[in-house]
Amino acid sequence: MEPGLNQVGAENACRRVCLGSDVGYRSRLFAALRGGFFVTPIASQTAPSADATEALVRIERLVKYFPVKEGFLRKADLYIHAVDGVDLEIRRSETLGLVGESGCGKSTLGRLVLRLEKPTSGRILFEGRDINTLGSTEMKRLRRRMQIIFQDPYSSLNPRRTVYSTLAEPLIIHGIGSRSERRARVLALAEEVGLRPEHLDRYPHEFSGGQRQRIGIARALALNPGLIIADEPVSALDVSIRSQVINLLEDLQERHGLTYLFISHDLSVVEHISDRVAVMYLGKIVELGDRYQIFAEPLHPYTEALLSAVPAPDPELTLDRVILEGDVPSPIDPPSGCRFHPRCRLRIPTCFEIEPPLNDVGNGHSAACHVRAPVEEIQALPETLHI
Amino acid sequence: MAALYSDFWARLFKNKLAVAGLAVVVALFFVAVFAHSFAPYPPDLIDTSQVLEAPSKQHFLGTDILGRDVLSRMIHGAGVSLSVGFVAVGISTFIAVILGALAGYYGGVVERIVMRFVDIMLCFPSFFLILAVIAFIGPSIYNIMIVIGVTSWMGVTRLVRAEFLSLKERDFVQAAIAQGASDLRVIFIHCLPNAMAPVLVAATLGVAHAVLVESSLSFLGIGVQPPDPSWGNMLTEGKDNIEIAWWLSVFPGLAILITVMGYNLLGEGIRDTLDPRLRR
């Protein structure tokens, strides 16, 4: 079949769903897609000013390289630059969205914050204390304050343990409560995320993806943490379940004053849930701002390209799309100068040579771009850290 | 076992060869445990009037050169074979699980040391290693159990390490670490129960191997010492009279064959049942 015909067929199918007679399915699909969040008009609410809010987590010059190949006695000479000099702060009770393409280092950044990985260099301060210098007892105490929700609800639960033992485990690890107090706590957790008491004696394989994700959320809540790293928590879920889980996360945030680092590649979800958004490209933050700044006034050409790639549930709407050329460059040998320059439509000669710093253009909106957020005087930054 | 394997037995019973293997294993177990009730004569009852009798109604499998009943001796020998098999496999599985778990979970230097040690052990032809060690420390049934155990853990160690390598990256293990679980807790509660399926298969096949090694050692005269009966030393005694008394060699030989086959069929049946790619 000619490629052209194929495309016409797909468009027709799309038209039938979107404009045709199947009204029931359409409204359900759109409700789910929108969930109140796709084309929400953004009120020009400004985030609380940077000085007033305290940083719960401060990430300073964070670097994580993974060795590619290591021999028996030979040290690796190639490294994947997963996270390459990130400065970021997560403020108390905010939702910080972290977006970027697959493989840009989002998840690694989240795992570093939880000390599931050791950084190559740089610091992570949780309430002012560098988590990588803490001893094991102090670290164990700190682990009660930060938890994680995973993307894949099928691998995030131990298949050999009942829901009850999964939820009670964090309490046992930290020696919290007596047997009956733990039972009461687990029941309360289950109720909070919408599980019924009879679910507790079942094994994970007896649940659907959405229910499993609720179990994962309940487990993360068990220790009353302040910070939750949500690593693509809804990406693996059906669109209709997605909004339920998002709403649950928002309710819980309101009730417990939680701080979220919300990692996702789904921009419409991030737009809905985030207070501030950080855009990551090849191990670096390229743009950071509040939700309005990122979604309505993006500066970095990469952010623009990401935004225009969001599918709109309306076939009549023709967007002026910014199409990215080329593939994501290899994180083993990232491009010189600005990492985005090989795919950038705005590139100028400087971009090939000098790496742009993340420059604040006002109101807490910053971008790393020579064209859109130029720095007055550029001095060459060290390109890579040598280890 | 978890409900994940609730249909384990149902699926195992569909495999006819595995059922045959299981039947042999269960039957041998009962014979070994109740040897005194099954055996028609005491195993060391010498009757010089009944020397080298062919199989008959009094002696179903004939008698040996001292007039002892072959069937009774074989029934008592079953216990020797099985206990050597189980204890040796118990020792090797224990070593393998501990070393494999440490290597797979901690990686780095620990892994390199353990895996190089595995490679070194695999360089020795294990049967000759066992022969040499037994010759040095002296033959006894306990020495055989220990020596077979400490020379047959390498394969399972590799298996356990491979399972742990993939398990430690799984999200539920990472979640346990993020909650502050100790290494012991992560290894024994989260990783090990999920790594047991291939270990169970390897252990079943390992019993067959251990039974065979014990028989070989006893046949060579450095295993179970006469007058204690074992299938291996019965073969040795039988080989001198094989032209005139075939039953002395054939029946112990058959017993070894059937036992080893039974364990192999059962082990392969369990493997096929647990292998998700073969699920229908």
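The values are calculated or read from the model by the stated rules, or taken from the named source; none is laboratory data. Treat the numbers as computed from the prediction; the structure is a model and nothing was measured. Cβ sites come from the backbone with ideal geometry, for glycine too, and all protein chains shown count toward neighbours.
A few notes on this one:
- Of the criteria (1) more than 26 Å from B:Met196 (Cβ to Cβ); (2) without any contact (Cβ under 8 Å) to a residue 60 or more places away in the chain; (3) aliphatic (A, V, I, L, M); (4) surrounded by fewer than 20 Cβ atoms within 10 Å (Cβ to Cβ), which one B:Met121 fails: (1)
- In region A:112-124, residue nearest to B:Ala181 (Cα to Cα) [restricted to those that are surrounded by fewer than 19 Cβ atoms within 10 Å (Cβ to Cβ) and within 14 Å of another protein chain (Cβ to nearest Cβ)]: A:Leu116
- Residues in region A:125-155 that are touching a strand residue (DSSP E or B) at 6+ places or on another chain (Cβ under 8 Å) and at the interface with chain B (Cβ under 7 Å from one of its Cβ atoms) were compared, and the one that is nearest to B:Phe164 (Cα to Cα) is A:Phe150.
- Here A:Tyr154 passes the criteria (1) closer than 30 Å to A:His205 by Cα; (2) at pLDDT 90 or above except the one numbered (2).
- Residue that is closer than 30 Å to A:Thr162 by Cβ, away from chain A (no Cβ under 14 Å) and modelled with pLDDT of 90 or more, where the choices are B:Phe188, B:Phe136, B:Phe172, B:Phe164: B:Phe164
- Residue within region A:203-210 that is out of contact with any Phe, Trp or Tyr (no Cβ under 6 Å at 6 or more places or on another chain), under 28 Å from A:Ser93 (Cα atoms) and away from chain B (no Cβ under 12 Å) present: yes
- Whenever a residue of region A:65-82 is of a type outside the set (Phe, Trp, Tyr), its partners that are at pLDDT below 65, lying with C-beta atoms within less than 7 angstrom and at least six residues away or across chains, give the pairs A:Ala76/A:Glu70.
- Screening A:Glu138 against (1) touching a residue at least 24 places away in the same chain (Cβ under 8 Å); (2) more than 30 Å from A:Asp201 (Cα to Cα); (3) outside any loop (DSSP other than H, G, I, E, B) leaves a single unmet condition, (1).
- Taking helices (runs of 4 or more DSSP H) as the structural unit, those lying wholly within region B:1-78 and holding at least 2 residues that are exposed (fewer than 15 other Cβ atoms within 10 Å of the Cβ), away from chain A (no Cβ under 14 Å) and of a type in the set (A, V, I, L, M, F, W, C) correspond to B:8-13, B:16-33.
- Being in a loop (DSSP other than H, G, I, E, B), surrounded by fewer than 20 Cβ atoms within 10 Å (Cβ to Cβ), within 14 Å of another protein chain (Cβ to nearest Cβ) and touching a strand residue (DSSP E or B) at 6+ places or on another chain (Cβ under 8 Å) is a description that applies to A:Ser235.
- Among the residues here, A:Gly194 does not qualify as in a loop (DSSP other than H, G, I, E, B), within 14 Å of chain B (Cβ to nearest Cβ) and surrounded by fewer than 23 Cβ atoms within 10 Å (Cβ to Cβ).
Let's see how each residue does on (1) in contact with a strand residue (DSSP E or B) (Cβ under 7 Å, 6 or more places away or on another chain); (2) among the aromatic types (Phe, Trp, Tyr); (3) in a strand (DSSP E or B):
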residue	(1), (2), (3)
A:Leu261	yes, no, yes
A:Ile285	yes, no, yes
A:Phe295	no, yes, no
A:Glu304	no, no, no
A:Leu307	no, no, no
A:Cys338	no, no, no
A:Leu346	no, no, no
A:Phe352	no, yes, no
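- The test for being away from chain B (no Cβ under 12 Å) and under 20 Å from B:Ile177 (Cβ atoms) holds for A:Asn224.
- Condition check for A:Ser268: closer than 30 Å to A:Pro301 by Cβ and at pLDDT 90 or above: no
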